[in-house]
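What follows is a set of notes on a single structure, which appears directly below.
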Amino acid sequence: MIVRENEAITLIGGAGVAQGDLEAALRLAPLVVAADGGADTALANGLAPRAVIGDFDSISAAARARLADDILHALDDQDSTDFEKCLAHIEAPLIIGLGFTGDRLDHQMAACNALVRHADRRCVLLGAHDLMFLCPPVLDLALEPGCRVSLFPMGAVEGASDGLEWPIGGLNFAPDGRIGTSNRTVGPLNLSVTAPKMLITLPARTLDTVARALGTCTATWSTE
């Protein structure tokens, strides 16, 4: 494990990061780790990353020169993305990731894959308009009525819900079958799912609510 912390971490990737999103993440997770070229974004915003993790194909020479050797962790594995390398080597109660969505669709899809492959990590990906995370076995969210909730299965999964306009109980979800996008709340939301396969997308404004819910959720997915 490269980074092990008892506090939430802001993980900065190489895609574009809006200043407001960065400020929102740092307010909840002031410790910073960068994924490869995300080090340039961190340094440009006056941030000192605890670690930089990746294959180092996008970090600038100027950024590398400004960082101590013990901060830089080059991993040559070409079978995983920089985001996945970070998830595999960071242990923290919550990771808020920025710069992993928006610029390239293939990178965004790879990030979805990584969330599922590392289901034991509590990680929220924050974008300009939405946030996304893997649903734990049971989740309670104090959302207002009318909040958009999209559920996207990354594998076969079932579940139950309370607080959705269109409940999911009794439905079989699969990426090549039924999905659950564009649902909405009628009040506080309770979800339970049968497998670590369901991604949840919510408006970015719900970041505080999601971070609080994930931080207090005791149900976890096993790594075995």
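Quick rundown of the values:
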quantity	calculated
3J(HN,Hα) from dihedral phi, the stretch 16-24, Karplus parametrisation 6.51/-1.76/1.60, rounded to Hz, x for glycine, proline	x, 10, 6, 4, x, 5, 5, 5, 5
Fewest-first ranking of Val157, Val186, using other Cβ atoms within 10 Å as the exposure measure	Val186, Val157
Spacing of the two label points (7 Å from each Cα toward its C-beta) at Arg27 and Ile2, in nm	2.9 nm
Spatial separation of Cα centroids for the stretch 52-66 and the stretch 138-214, in angstrom	37 Å
Long-range amide H partners of Ile96 with built H, under 5 Å	Ile9, Thr10, Leu11, Val124
Net charge dipole size for the chain [Lys, Arg +1 and Asp, Glu -1 on Cβ; Debye, nearest 20]	520 debye
Calculated from backbone phi, Karplus (6.51, -1.76, 1.60) coupling profile of the stretch 30-44 in Hz, x at Gly/Pro	x, 7, 10, 10, 10, 9, 6, x, x, 4, 5, 5, 4, 5, 5
Amide hydrogen neighbours beyond the local backbone of Ile59, cut-off 5 Å, H modeled	Gly37
Estimated vicinal HN-Hα couplings, Hz - the stretch 203-215 in sequence order (Karplus 6.51, -1.76, 1.60; Gly, Pro = x)	x, 4, 5, 8, 4, 4, 5, 5, 4, 5, 5, 5, x
Extension reserve of the Asn190-Arg66 stretch, reckoned as 0.36 nm per residue once the Cα distance is removed	40.0 nm
Kirkwood-type radius of the stretch 118-210, with distances r between different C-alpha atoms, in Å	13.1 Å
Neighbour-count ranking [beta-carbon atoms within 10 angstrom, fewest first] of Ile71, Ile96	Ile71, Ile96
Inverse of mean 1/r across different Cα pairs in the chain, Kirkwood, Å	17.7 Å
The chain - share of DSSP beta bridges that are antiparallel (%, nearest 5)	55 percent
Dimensions (Å) - the stretch 1-132, Cα atoms, principal axes, largest first	34, 32, 31
Added length on full extension, which subtracts the Cα-Cα distance from 0.36 nm per residue, Ser222 to Ala128	30.7 nm
Extension gain (nm, one decimal) between Ala74 and Gln19, 0.36 nm per residue minus Cα-Cα	17.1 nm
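Each value in this text was obtained by applying a stated rule to the coordinates, not by laboratory testing. What you are looking at is a predicted structure, and each value in this text was computed from that prediction instead of being measured. Here the Cβ is made from the backbone with ideal geometry for all residues, glycine too, and neighbour counts use every protein chain on show.
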